[in-house]
Every structure is written in C-alpha cells, then in structure tokens.
Amino acid sequence: MTGRGKRRAGTAPVFPARRRGAAARPAPKLPLLLLLAAALASGFPAAAFAIAPEISPPAPPPIEPPTSFTALDRPGDTGGAVLLTWKDPPTLPDGAAIEILRSEPPAYEWSSLALVKPGAGKYEDATAADGKLYRYEIRVQAPVDAATGAARVSPPVVSDSVSARDNWFRTGRENSLIASILFVAIVLISIAWARSGHEIFIRRISGLNAVDEAIGRATELGKKVFFIPGIQSMDDIQTIASIAILGFVARSTARYGTDLDVPNKDPITFVSAREAVRGAYLAEGRPDLFREEMVNYVTYDQFAYTAAVSARMVREKPAAIFLIGYFFAESLILAETGQSTGAIQIAGQADPTQLPFFVATCDYVLIGEELYAASAYLSREPVLLGSTRGQDIAKGILILLGLAGVALASFGNTWLSSVMKTQ
Amino acid sequence: MNFDFGRVALVLVLAVVPIIGIALGMRAPALRSRIPILIGIFAGLIPIFSLYIPKQFLSGPTGMSPRLDQWLIILAGFALLLGIVNVVQNNSRKISRREKGWFFAAVLLIGLLVTSAFGIWGWWTKMGIGFMPDGSPTPFKWVEDRFFQPLQSTIFSLLAFFMASAAFRAFRARNTEATILLIAAGLVMAGRVPLLEFLAAPFPPLHPSASAASQFLGGLAERIMDIPNGAAQSGIIIGAALGAASMAIRVILGIERGYLGLGQGE
C-alpha cells in the first residue's frame with residue numbers, strides 16, 4: 001500500500017519539486033533571452049538546455065502472482081490438516097519463493113506460515129485445528145531489490161474460508177479394501193460350502209501328523225512334553241495359532257496322561273496358554289490331571305527365558321519339544337539344545353528369518369501357512385477346513401495375478417503393478 | 001466430542017458389556033463363554049476399521065485403535081503380576097519339595113527378591129534405577145551391569161557355537177536336497193568371504209585372478225540370494241500372510257476358539 005501524496009518506490013520524479021517557502025531569486029533575464037534567441041536561430045532543441053534530471057534506475061517488472069490457488073481439507077486423513085495447491089506463474093525472478101500466510105478467527109490477521117520453493121505446487125498445513133475456519137494467502141516473494149532496497153512481492157491471492165476435518169475413508173487404500181472384501185467373501189463362501197457337507201481335501205502335513213507320534217513317544221518313555229509358544233504376546237497372530245495348537249497338544253497329553261510343561265515369556269500369552277490347557281483337560285474329562293505349574297511363567301527377558309528353558313531341557317530331558325510361535329535369536333539356541341537332548345522336535349514359524357534354523361535342527365517344521373492351517377488340520381472341523389480352502393483359492397488368484405503382472409511387466413506395461421500398490 | 005465418543009465406546013464395548021455379561025453369566029456358563037469371543041470380535045474389528053476409516057474417534061491419536069494398544073499395555077502389567085506370583089509359587093514349591101534343580105529355584109527367588117528390593121528402594125528414596133547424582137550407579141543399576149548384562153551377553157554369544165554345530169549337521173550331503181543345500185551354502189559363503197584374496201595374498205602374480213574370481217563368486221552369491229532364495233521367501237511370506245488373514249477372520253468370526261481354551265464348536 002502506498003499512501004496518498006507519498007512517492008512510490010522506484011518512480012523518482014524527473015523534475016524535483018521546488019521547496020515550498022523558498023525565496024525566489026531575481027534571474028538574470030537578458031542573457032537568458034539572448035541565449036534562447038541564439039539557440040532558436042541555430043536550430044538547437046530546447047531540451048538541450050533543460051535542467052538535468054536526477055539519475056534514477058528503471059522500475060523492475062511487476063511479479064505475477066500464482067494461479068489456480070485452492071485450499072481444501074486434506075482428503076482421507078484424521079483431520080488437523082489443510083491442503084493448499086497452486087500453479088506457479090510462468091516467469092519467476094531468481095531466488096523467488098512462494099510465501100504462505102494464514103489468517104484465523106477472531107482477529108483474521110495474516111501470519112506467515114512458510115516459504116516454499118517454486119515448483120512444489122502444494123503445501124500441507126498440519127497445524128490447522130479441526131472445525132476452525134481459516135483463510136490462506138499466497139504470494140511470490142522475490143529478493144529485495146538491490147538498487148532501491150524495496151521488497152518485491154507479487155499481488156496476493158487469497159483462498160476461500162476452509163476448515164480441517166477428519167474423513168470417513170482413507171484415500172489410497174481402495175485396492176486394499178476391495179481385496180480384503182473379496183478375500184473375506186471367498187473365505188465365507190468356502191466355509192458355507194464346507195458346512196453344506198462337501199468333502200474338503202487338505203494335503204498331508206507331516207509336521208502335524210507327527211504330533212501324536214511325539215506325544216506317544218513321550219508317553220512310552222514317561223517323560224515330559226515341552227511346548228514353547230514363542231516369545232511374542234497375544235497381539236501376534238502366530239502366537240494365537242500357537243495357542244490353538246497347544247490346545248490340541250494338551251488334549252492329547254490329557255488323553256494319554258503325559259506330563260506337559262509350557263514355559264512362557266510373555267505374561268498375556270501365559271494367561272491364555274493356561275486357559276487353553278485347562279480347557280483342554282476339562283474337555284478331555286481329566287481336570288484331575290491338570291496342574292497350575294504345567295503352564296508357568298519364567299521371565300520377560302528374552303535371553304534369561306532362553307537360558308531357563310534350555311537349562312530345563314537339559315535337566316529334564318523331555319521326549320518331545322514343540323517350538324511353535326514367533327521366535328527371534330533364541331530359536332537356534334532352544335532348538336539346538338533340544339536336539340542335543342534327543343527329543344523329537346516339531347517347530348512352526350511363519351517368519352522366514354528363523355525358519356532355516358528350525359529346518360537345520362528340528363525333525364519336523366511347519367512352514368509359513370502350515371502353522372495357520374494346523375488347527376483345521378488337527379480338528380478336521382468343516383468350518384475350519386472351509387476357511388483353509390478359501391485361503392488356498394485366494395492364493396491361487398494371487399499366483400495368477402502375479403504371473404499376469406510378470407507377463408505385463410515383461411512387455412513394459414506396469415498397470416497391474418501400479419494397481420497393486422497401496423498407501 | 002470425537003475423543004469422548006471413542007473413549008466411551010471403547011469402555012462400553014470392552015469393559016461394561018463384558019462385566020455385565022460375566023455378571024449375567026454367573027448362572028449361565030454358555031453366556032459367560034461367549035463374552036471372550038465378543039471381546040475378541042471387537043478387539044479384532046477396531047484395528048481393521050481404523051485401517052480404512054480415518055475418523056478421529058477411531059484412528060486419531062486418542063482414538064479407539066491407539067487406545068486399544070494402551071489397554072494392552074495395562075493388561076500386560078496386570079498379567080505380569082500374575083506371572084510373578086506364578087514364579088514365586090512354582091519355585092517355592094520346588095524348594096519346599098526339594099525337587100530336582102531346587103537350588104536353581106532358590107537362586108532365582110533370591111535374584112528376584114534382591115532386584116525387586118533395590119528397585120523399590122530406588123523408587124522410595126527417589127533415587128531411581130539409573131545413576132545417582134554423583135554419577136555412581138544405584139544398587140539396581142549395579143546389579144544390572146554386573147550380573148544381568150554379562151549373563152545376557154553370554155547366552156547370546158552361545159548362538160555362534162550353536163550356529164556352527166547346526167550348520168555342520170545341516171550341510172551333510174545325505175540326500176539330493178541336502179547336497180543342493182550344501183553346494184548353495186558353499187557358494188554363498190565363498191562369495192561373502194574374501195577367501196581367495198586371503199589365500200592368494202602371498203603370491204602377487206595371482207592377485208588379479210583371485211580378485212576376479214572373488215568378484216565372480218560375490219556376484220553368484222548375490223544372485224543365489226536374490227533369485228532362488230528371494231523367490232522362496234516371497235512364496236512363504238505370501239502364503240503366511242494369507243494364512244494369517246484367514247486365521248484373523250476365523251478369530252473375528254468366533255470360529256477359532258482354541259486360544260480361549262474353549263475348543264472348537266463349544
């Protein structure tokens with residue numbers, strides 16, 4: 001804003017104004033008239049005799065403002081953010097930046113939010129409060145003019161009022177949602193199909209066939225069965241699968257009267273394991289055989305737990321050891337110690353990082369999905385078998401999609417791989 | 001308002017309803033057994049919904065899903081108390097009955113009591129469990145540094161020896177699969193270790209050949225790891241992910257009840 005009567009920056013007057021109140025001096029009129037007459041006579045332009053102006057730099061070209069400026073609630077978020085988008089002007093001075101300002105009620109005074117480099121085209125204001133109305137202004141800010149010392153900014157562009165809010169759908173996950181719905185539908189249809197009495201084939205899993213063999217051996221030898229449910233809590237799906245298998249193992253030990261030992265590292269897993277074992281003994285009609293110390297808590301520390309369980313293996317020499325659940329570095333220490341005691345070892349893990357250790361040291365290993373199929377395989381419940389079949393159908397579809405993706409990508413078409421990407 | 005709604009909904013669904021259910025189920029065991037299934041269903045659905053619905057009451061920093069994680073920590077605290085009681089009971093019984101290994105049970109109980117006492121003393125005197133103002137360790141820290149950490153490191157270091165013994169057993173060429181494993185392992189090890197350069201070190205004329213051969217083996221090892229090994233791992237991961245999803249559906253629908261000690265179809 002320039003005040004009335006004030007000189008605008010960069011527009012110095014060609015002729016300086018006479019100072020008000022200055023006394024007029026008497027001018028020597030005769031020589032001046034003579035000179036003028038001589039000049040006119042000789043054809044000289046009058047301008048040549050005018051008083052020289054002050055030297056002033058040319059005014060810099062005006063800066064164009066950004067265009068297509070919008071301020072909207074950031075889509076698909078939990079609120080607290082406004083997304084600003086714009087297009088940079090076609091020409092920008094060197095070192096220019098886009099300044100973003102925000103005004104908020106009740107004062108509606110502009111405060112600077114950020115300076116964004118040209119080319120960004122968008123800015124997320126993550127400091128906005130939900131439900132509060134804001135207005136945003138952007139303008140191009142160029143470096144201070146060296147000649148005049150004046151700040152150079154473009155005319156501002158102001159947005160409409162906008163407020164942040166939380167949304168009902170997280171954008172970028174449409175493909176994941178569709179895939180999940182399809183998968184759930186396939187599993188439910190398979191369960192319904194199994195419930196209707198159809199026979200479902202499930203391939204032989206030698207690790208699960210060996211469960212009875214291992215418990216039978218422990219019964220014959222009069223030794224313990226060790227079941228180690230990993231070191232993770234019940235928020236890990238592998239631990240849930242492990243506890244489900246523990247239920248079947250406990251039923252067998254209850255049936256044969258074999259001693260069972262379940263040392264735990266995680267306290268929540270410990271409580272769940274105890275309930276699973278107690279339930280199994282009750283279901284087999286042998287609550288008298290269940291003892292609280294069968295399922296016991298050791299410690300929350302990973303290696304202290306490993307040391308305690310390894311020591312127990314060495315001292316008590318169990319006939320069968322189940323290492324089923326989520327294991328980390330302790331997997332090899334436990335499995336190798338168990339191997340040294342001569343016990344039958346059945347391991348199960350879905351994470352490939354520890355699988356080689358189990359393969360090297362255990363007699364049977366449930367690899368990946370076999371761990372999750374165990375409860376269906378052992379119980380032969382049609383409902384569980386149906387869900388396993390649904391899982392297999394989904395896997396078949398994924399294999400076909402993978403092959404199609406490979407084929408398309410080989411011909412330079414990445415449509416399928418881009419469709420599969422999720423945020 | 002959103003914040004309040006999430007909190008109230010969570011308390012209702014996972015606390016009030018189960019308590020009422022348990023109270024009602026005192027005379028109806030069938031109803032009582034359904035309460036854990038209901039809790040499992042809600043606890044399973046909330047994180048899934050929060051993946052797709054970014055509403056504050058569900059997915060915000062104080063929404064139902066993050067609050068559920070906090071509840072898990074609180075639950076773990078109570079479960080840990082149960083665990084400690086179990087440790088004391090089991091080991092006291094071992095000592096009193098002079099069972100096999102009772103001496104170790106005594107050591108465990110002494111360790112538990114002494115460490116707990118130092119921890120409680122640190123809290124009582126406001127000294128904490130780290131360092132004192134003069135920089136010297138508190139008794140708790142002293143026990144941790146002098147006993148706990150060295151013992152922990154000792155157990156972890158055993159891994160190297162167990163790895164060697166397991167590798168020795170796994171790499172015996174008993175059948176075709178084991179032979180393939182042996183060859184692949186040999187190539188990967190040769191590619192990852194600069195063995196040829198080491199062997200050729202005393203013979204300068206062999207240096208270029210050793211370097212080239214080592215480079216070739218390194219490339220081969222990378223290819224073995226990236227292509228056959230990577231493909232097999234991807235297969236296991238995809239299968240396991242589908243299995244986990246299928247298991248999650250079974251848990252959420254209340255079909256899988258083994259983890260609750262209920263058995264199937266009860």
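All of the numbers you see were taken from the coordinates with simple rules; none came from a lab. A quick note: this is a predicted structure, and the numbers were derived from the prediction, not measured. For neighbour counting, all protein chains shown are included, and Cβ atoms are generated from backbone atoms with ideal geometry for every residue, glycine included.
When only Cα pairs below 8 angstrom with a gap of at least 6 residues are kept, chain A shows a relative contact order of 13 percent. For segment B:71-184, place one equal point scatterer on every Cα, skip the solvent, and apply the Debye formula. What is log10 of I(q)/I(0) at q = 0.10, 0.18, 0.20 Å⁻¹? Values, matching the q order: -0.58, -1.05, -1.15.
Between segment A:74-93 and segment B:19-76, the C-alpha centres lie 38 angstrom from each other.
Mean silhouette area of chain A, derived from the convex hull of its C-alpha atoms and averaged over all directions, reads 40.8 nm². The Rg/Rh ratio of chain B, with both radii computed over alpha carbons and Rh defined as the Kirkwood radius, is 1.11. Remark on A:ASP130: its backbone amide H falls under 5 Å from those of A:GLY80, a criterion applied only to residues 5 or more positions apart or on other chains, H modelled at 1.01 Å from N.
Each 10 Å bin from 0 upward holds the following percent of the Cα-Cα pairs of segment B:139-193: 20, 30, 20, 16, 11, 2. Each Lys and Arg Cβ is given +1 and each Asp and Glu Cβ -1; about its Cα centre, segment B:1-82 then shows a dipole of about 220 debye.
Considering helices alone, the calculated mean residue ellipticity of the protein assembly as shown at 222 nm is -17500 deg cm²/dmol, with DSSP H runs of length four and up weighted by -39500 (n - 2.57) and normalised per residue. Remark on segment A:119-250: Rg and Dmax equal 32.0, 100 Å (Cα only).
Across chain B, the mean sequence separation of Cα contacts (distance under 8 Å, 6 or more residues apart), normalised by length, yields a relative contact order of 14 percent. Proximity of backbone amide H atoms, modeled 1.01 Å from N, is registered between A:GLY348 and A:LEU323, A:ILE324, A:GLY325, A:LEU366 at under 5 Å, excluding neighbours fewer than 5 places apart on the same chain.
Between A:ASP77 and A:ASN167, the built amide H atoms are under 5 Å apart, and every one of these is 5 or more places off in sequence or on another chain.
Which whole number gives the average count of other chain Cβ atoms within 10 Å of the Cβ atoms across peptide A:177-185? Mind dumping the intermediate values first?
Details: counts 2, 0, 1, 5, 0, 0, 4, 6, 0.
So the per-residue partner count for this stretch is 2.
Multiplying the sequence separation of A:ASN209 and A:LEU401 by 0.36 nm and subtracting their Cα-Cα distance, what value in nm do you get?
Stretched fully, the A:ASN209-A:LEU401 segment lengthens by 65.8 nm.
The modelled label-to-label distance for the pair B:ALA178/A:GLU174, using points 7 Å beyond Cα in the direction of Cβ, is 5.6 nm.
The string of couplings for segment A:114-126 from the Karplus curve (6.51, -1.76, 1.60, θ = phi - 60°) is 6, 10, 10, 5, x, x, 5, x, 7, 8, 9, 8, 8 Hz, one whole number per residue in order, with x for Gly and Pro.
What FRET efficiency do you get for A:SER418 and A:THR353 if R0 is 35 Å and r is their Cβ-Cβ distance, rounded to the nearest 0.05? Provide the component values of the computation, followed by the final result.
Working: r = 29 Å, r/R0 = 0.84.
Step by step, r from the Cβ atoms, then E = 0.75.
Across segment A:205-220, rounded Karplus estimates of 3J(HN,Hα) from the backbone phi angles (6.51 cos²θ - 1.76 cosθ + 1.60, θ = phi - 60°) give 10, 5, x, 7, 5, 7, 4, 5, 4, 5, 5, x, 5, 4, 5, 4 Hz, Gly and Pro being marked x. Rounded if a/c is under 1.5, else prolate if a/b is larger than b/c, else oblate: which is segment A:67-158, with a ≥ b ≥ c the root eigenvalues of its Cα gyration tensor? Verdict is prolate for segment A:67-158.
Answer rounded, prolate or oblate for segment B:7-102, using the Cα gyration tensor with square roots of eigenvalues a ≥ b ≥ c: rounded when a/c is under 1.5, else prolate when a/b is larger than b/c, else oblate. Could the numbers behind the result be given before it?
On the way: a/c = 3.45, a/b = 1.79, b/c = 1.93.
Here segment B:7-102 falls in the oblate category.
Take the cross-link list A:LYS224/B:LYS94; A:LYS122/B:LYS55; A:LYS117/B:LYS55; A:LYS317/B:LYS94; B:LYS94/B:LYS126 and give me the ones stretching past 27 Å between alpha-carbons.
Numbers: A:LYS224/B:LYS94 17 Å; A:LYS122/B:LYS55 24 Å; A:LYS117/B:LYS55 32 Å; A:LYS317/B:LYS94 18 Å; B:LYS94/B:LYS126 36 Å.
From A:LYS224/B:LYS94; A:LYS122/B:LYS55; A:LYS117/B:LYS55; A:LYS317/B:LYS94; B:LYS94/B:LYS126, over 27 Å: A:LYS117/B:LYS55; B:LYS94/B:LYS126.
With the cut-off at under 20 Å, measuring from each backbone N in segment A:87-123 to a point 7 Å along the Cα-to-Cβ line of B:THR62 picks out no residue. Here the Debye sum runs over all C-alpha atoms of segment A:206-380 as equal scatterers in vacuum, and log10 of I(q)/I(0) at q = 0.09, 0.13 Å⁻¹ comes out as -0.24, -0.53. With viscosity 0.692 mPa s and temperature 37 °C, the Kirkwood radius over alpha carbon pairs of segment B:100-158 converts through Stokes-Einstein to a diffusion coefficient of 259 µm²/s.
What is segment A:67-158's relative contact order, in percent, from Cα pairs under 8 angstrom and six or more apart in sequence? List each step's numbers first, then the result.
Details: 174 pairs, mean separation 27.0, N = 92.
Once normalised by length, the contact order is 29 percent.
Calculated on the Cα set of segment A:115-197, radius of gyration then Dmax: 25.6, 91 Å.
Assuming 0.36 nm per residue, please report the length gained on full extension of the stretch B:ALA164 to B:VAL17 beyond their Cα-Cα distance. Display every interim value, and only then the final one.
Values: separation 147, 0.36 × 147 = 52.92 nm, distance 5.44 nm.
Extra length from B:ALA164 to B:VAL17 when fully extended: 47.5 nm.
Net charge dipole, segment A:263-321: roughly 180 debye, given to the nearest 20, about the Cα centre with Cβ charges of +1 for Lys and Arg and -1 for Asp and Glu. Diffusion of segment A:295-423 by Stokes-Einstein, at 20 °C in a medium of 1.002 mPa s and with Rh set to the Kirkwood radius over alpha-carbon pairs, works out to 122 µm²/s.
A Cβ-based charge dipole, computed about the Cα centre of the protein assembly as shown with Lys and Arg at +1 and Asp and Glu at -1, lands at about 1400 debye. Cα centroid separation, segment A:307-331 to segment A:227-271: 13 Å. Ordering A:MET294, A:SER387, A:ALA126 by the projection of their Cα atoms onto the charge dipole of chain A, which places +1 on the Cβ of Lys and Arg and -1 on the Cβ of Asp and Glu, puts A:ALA126 at the extreme positive end.
Please work out how much length the chain gains when fully extended from B:PHE131 to B:ALA117, using 0.36 nm per residue of separation minus the C-alpha to C-alpha distance, in nm with one decimal. Mind showing how you got there, number by number?
Working: separation 14, 0.36 × 14 = 5.04 nm, distance 1.66 nm.
Difference between extended and current length: 3.4 nm.
Per-residue mean of foreign Cβ neighbours for A:351-362 is 4 (Cβ atoms of other chains, 10 Å radius). Using the alpha carbons alone, the radius of gyration of segment B:186-251 stands to its Kirkwood radius in an Rg to Rh ratio of 1.39.
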